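Read the structure below first, then the notes.
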Amino acid sequence: MKPKTFSKIFQIAAGIIGFIAGIVIIQNGILTDWIQRAAAFVLSTEAFEMNLPAVFGFFNLLTGLLLSVVSCYVVANVFLKDWLEIRFQKYYWFLLSVILVFLVILGFLIVLNKTIQVDEIEHVHSAWYVVHGAIPYSDFFQHHNPLLWYCMTPFFILGETITLFFIFRGFMFLCILAIAYTVYRIGRETGLHREWAVISVILLLSEVIFIKSGIEIRPDSPYVLLGSISCLYLIRFVKRFNQVSLMICGVTLGLSFLFIQKSIILIFPFGLVLLIRYLIRKIPFQSLLVFTAAFLSPLLLFGISLIATKSLNDYYVTNILLNLNILFSNQQNCLTMFITQNPLHIVLLFFALGHVIFHRKTLSWEQMIVILVAVLAAGFPILVRRTAERNFLLGIPFLCVVAGYFLQSWLKHPKWNERRKLGIVMLIVTLPTFFLLKTGLIQHNRHQVRQIQYVLKNTAKTDRVYDGNNVFNLFRPDMHYFWYAVYGNNLIVRYNQITGGKYGDYDLSLLIQEKRPMIISNFGFDISGSGLLSTYQESPFKGLYIRRSMQPSNHSVNSFINILEGGKRSTGRGIR
């Protein structure tokens, strides 16, 4: 038997067996238990319990469908190989566009359905404080930089409803799309052909951690966007020696810092590149001054605003001393989940980094900038033991560009035609797409939305609430300066250590008796042992309590400022 004939028979047999296996998997759900055991091994107990049996059945269905479709393609390839080659070549760009559009639609579904995170409540509530005239760091506790909250304030004209929350998520998703376009531009500026720049974007939009964490209402996506733009203009400056590009690089880097402090990761690679370029006499000293002045200008304006609002000392305590105190503390480790959800991405990145090391002498300055930023941004969270998902957002876009370098070099041989290149792309993105589909179609936040709506419906705009874990309070006043972070991560304990016990008399039960909030949660204390059950009754939502026989107060919206001022005059247990 000729080898080609044997190969065809083998492909047909494998295709038929694979198709039958796919149908059996769909009909009998034989992978459901296996997937459930794998999830139990990877996830924490709490995270595992959140995955309903429907989720595991969903993965079983997708696996069966994928196996059946691939098997059909294998059989078709035996009889219609030439026809398929022509069609793939003709519709190659159309198919890449379909993959891109599919990933964008999937991202939008995740915006609508992904469970609401405590940090999202925190930042929406902080923006609400700012809208009502409160001064960050002085009037309410925060340990992040404030630009996100001020960017969110114009949207409050649309009303303080749950819809506003999803509008903010939509804004984050637009940042994700803008980052994707910036990745495309960086790829093109650093030598990627249009095809591989687009594939770098596909890799980015199929990164589970990047999409799931990037759409959340945090300062991370805006800072990554501005950091990416800053890197793009640094590359343009290196290529064209355009001082305007250098100014834009500095200003956007400064603005990214005003979103969140972790953007300082970029100062080292940018400064190093400019310093080396100066030392080898590629740029004048004036360029260093231009970059420094452009970077410091937004920070100078921010410093002036802190002095004008008399909150400079509070900012120093909460955003510098406190954050340095927790810098090396252990945090949620997402590395196992990252490897599980994007295994081929990891393999690809190892090959890509090995490729650039092996070919380091042929790299351009522009490519070295991207590689340096990718390595530092991805490695820094591991170095300081802050390995939560959001801390890898900055590194992932640049790693995708580096992967594009490798793919372009590896698949440049004529034997890698459009059909095979598309197959490589599909192979890489298929598994992470499963996890994105699960988040966009199976996971939902309906219970959380109903809980937030319940609080808004049963309170007036000036009724205080206690939500120490940032679960339900978007648009209502709190009881204390430390409106969250009082238990669990115990930031109030660290704050008191730094300030000599400024809020050392914090007592939650006494606060509730004094401030008489309309709604409270049982987070951080035993409500049954506090004597508060005579005043509060449990709501339809577990762990949420509402005052007995009380109607929401009927104060005007402007009286919020009076509440805030009254809290400032209180000692120890006031808002301030």
On the basis of being of a type in the set (A, V, I, L, M) and at pLDDT below 60, does Leu532 make the cut?
no
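Let's see how each residue does on (1) surrounded by 15 or more Cβ atoms within 10 Å (Cβ to Cβ); (2) of a type in the set (A, V, I, L, M, F, W, C); (3) assigned to a loop (DSSP other than H, G, I, E, B); (4) in contact with an Asp or Glu (Cβ under 6 Å, 6 or more places away or on another chain):
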{"residue": "Asp478", "(1), (2), (3), (4)": "yes, no, yes, no"}
{"residue": "Trp483", "(1), (2), (3), (4)": "yes, yes, yes, no"}
{"residue": "Tyr487", "(1), (2), (3), (4)": "yes, no, yes, no"}
{"residue": "Arg494", "(1), (2), (3), (4)": "yes, no, no, no"}
{"residue": "Asp505", "(1), (2), (3), (4)": "no, no, yes, no"}
{"residue": "Glu514", "(1), (2), (3), (4)": "no, no, no, no"}
{"residue": "Ser528", "(1), (2), (3), (4)": "no, no, no, no"}
{"residue": "Phe541", "(1), (2), (3), (4)": "yes, yes, yes, no"}
Note on the stretch 367-386: residues crowded, with 18+ Cβ neighbours inside 10 Å and of a type outside the set (Gly, Ala, Ser) are Gln367, Ile369, Val370, Ile371, Val373, Leu376, Phe380, Pro381, Arg386
Picked from the stretch 408-421 (must be closer than 28 Å to Thr63 by Cα and touching a Phe, Trp or Tyr at 6+ places or on another chain (Cβ under 6 Å)), the residue surrounded by the fewest Cβ atoms within 10 Å (Cβ to Cβ) is Arg419
If you scan the stretch 439-461, which residues turn out to be at pLDDT below 90 and surrounded by 20 or more Cβ atoms within 10 Å (Cβ to Cβ)?
Thr439, Gly440
Here are some residues: Gly501, Gly529, Gly543. Which one is under 30 Å from Leu109 (Cα atoms), free of Cβ contacts under 8 Å to residues at least 40 places away in the same chain and not assigned by TED's automatic domain parsing to the domain that holds Phe140?
Gly543
Looking at the structure I just gave you, is Leu279 within 22 Å of Phe295 (Cβ to Cβ) and among the hydrophobic types (A, V, I, L, M, F, W, C)?
yes
Spans of helices (runs of 4 or more DSSP H) in the stretch 241-337 with at least 2 residues modelled with pLDDT of 95 or more, within 20 Å of the chain's Cα centre (by Cα) and surrounded by 16 or more Cβ atoms within 10 Å (Cβ to Cβ)
243-259
Test result for Ile428, in the same structural domain as Ile209 (by TED's automatic domain parsing) and either touching a helix residue (DSSP H, G or I) at 6+ places or on another chain (Cβ under 7 Å) or modelled with pLDDT of 80 or more (or both):
yes
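The values are calculated or read from the model by the stated rules, or taken from the named source; none is laboratory data. Since this is a predicted model, take the numbers as computed values, not measurements. Glycine gets a Cβ as well: all are built from the backbone with ideal geometry, and neighbour counts include every protein chain shown.
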